[in-house]
1. Having 2 or more residues that are at pLDDT 85 or above is the bar; report the helices (runs of 4 or more DSSP H) wholly within the stretch 25-83 that clear it.
2. Test each condition in (1) in contact with a Phe, Trp or Tyr (Cβ under 8 Å, 6 or more places away or on another chain); (2) at pLDDT 75 or above for R133 and report the one that comes out false.
3. Can you name every residue in the stretch 139-186 that is at pLDDT 90 or above and either more than 20 Å from the chain's Cα centre (by Cα) or of a type outside the set (A, V, I, L, M) (or both)?
4. In this structure, is A108 modelled with pLDDT of 80 or more, within 17 Å of the chain's Cα centre (by Cα), assigned to a helix (DSSP H, G or I) and buried (at least 19 other Cβ atoms within 10 Å of the Cβ)?
5. What do you reckon, is L282 farther than 18 Å from L143 by Cα, within 20 Å of the chain's Cα centre (by Cα) and either at pLDDT below 80 or polar (S, T, N, Q) (or both)?
6. Quick test for you: out of A236, A198, A242, A210, pick the one residue that is in contact with a Leu (Cβ under 9 Å, 6 or more places away or on another chain), in contact (Cβ under 8 Å) with a residue 40 or more places away in the chain, in a helix (DSSP H, G or I) and surrounded by 24 or more Cβ atoms within 10 Å (Cβ to Cβ).
7. Would you point out the residue of the stretch 35-53, among those that are of a type outside the set (A, V, I, L, M, F, W, C) and within 16 Å of A270 (Cβ to Cβ), that is surrounded by the fewest Cβ atoms within 10 Å (Cβ to Cβ)?
8. If the requirement is being crowded, with 19+ Cβ neighbours inside 10 Å and modelled with pLDDT of 90 or more, which of these qualifies: V91, V102?
Amino acid sequence: MSERSLSPSRPSGTAALARGPLPILAAAVLWGTTGTASSLAPASAPAAAIGSAGLVLGGLLLFLTGRGSLALLRHGDRPTRGALALGAVAVAGYPLSFYPAVALAGVAVATVITLGSAPVFAGLLAWLTGRGRPTARWTAATLAAVLGCAVLVLGSELTGAEAVRPAGVLLALVAGLSYSAYTLVAERLIQRGHPSQAVMGTMFAGGGLAVLPVVLAAGTAWLATVSGALVALHLAVFTVFAAYWLFGLGLRHTSASVATTLTLAEPAVAALLGVLVVGERLPAVSWAGLAVLALGLAILRAPARR
């Protein structure tokens, strides 16, 4: 399949949304359930182990169900295998940096820094690797989305917040870089004609193998409990397997920089779930942030004028 047929600019209207942005937004909705689900895990479960356990099982599911995963691993040329290895390292780096960042900087700050920095890193990496400069439209949409995300998440914590540890901020930036890096690798491989399921399955299986020692070292007793097993299954099936299947599908017609901006919808979903399911209340400033975030995503999703 030629790269022209994979270009996100060819389709228009509803077809363009269904082929690119909508699967990515659907993945963001699934990722938005992560916080609510992980909060139900046993208190004895280390944060990094929870995320890593979901990656191990979810990565295995992606690999086993991904058509062409084994063939891609066996018969891919050296550059392809190198890219897959780099993607797997980046995949493994995300849970190992994001969850400790949450512990050191807090959920709100870590989420904003990670998700807010990811599209910036993606745009810079794409530029540095010869994919072209970020467009004015992407820049405007990303700035609006990042601002809206920050106001939404931090709106209820702007006063009386505890000091944030610099190590937590650094780890959150590493998580954002990891996320943007494996997204860019996946985009390159998928738009070269490799099946999206095979690419995501191989990368995430490799990432799962890399973090397996972390799960074992942290202890697996929590996985034997009902709540622990259900949380791990939810993370594996919905936030890894299903979400990244959709994400890979969307990357066939969406650039990595645009995809990482679209997934800023994740904290909006998490906030709405907190209101609708947990009974939390959002202050007016957070609702304003949600509106700005939605505006940024709408700018990015709107068909470009010809």
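The values are calculated or read from the model by the stated rules, or taken from the named source; none is laboratory data. Because the structure is predicted, anything quoted here is derived from the model rather than measured. Glycine gets a Cβ as well: all are built from the backbone with ideal geometry, and neighbour counts include every protein chain shown.
1. Qualifying helices (runs of 4 or more DSSP H): 47-65, 69-75.
2. (2)
3. If the condition is that a residue be at pLDDT 90 or above and either more than 20 Å from the chain's Cα centre (by Cα) or of a type outside the set (A, V, I, L, M) (or both), then S178, Y179, S180, Y182, T183 are the ones that fit.
4. Judged against the criteria, A108 is not a match.
5. no
6. A198
7. In this case the residue turns out to be S39.
8. V91
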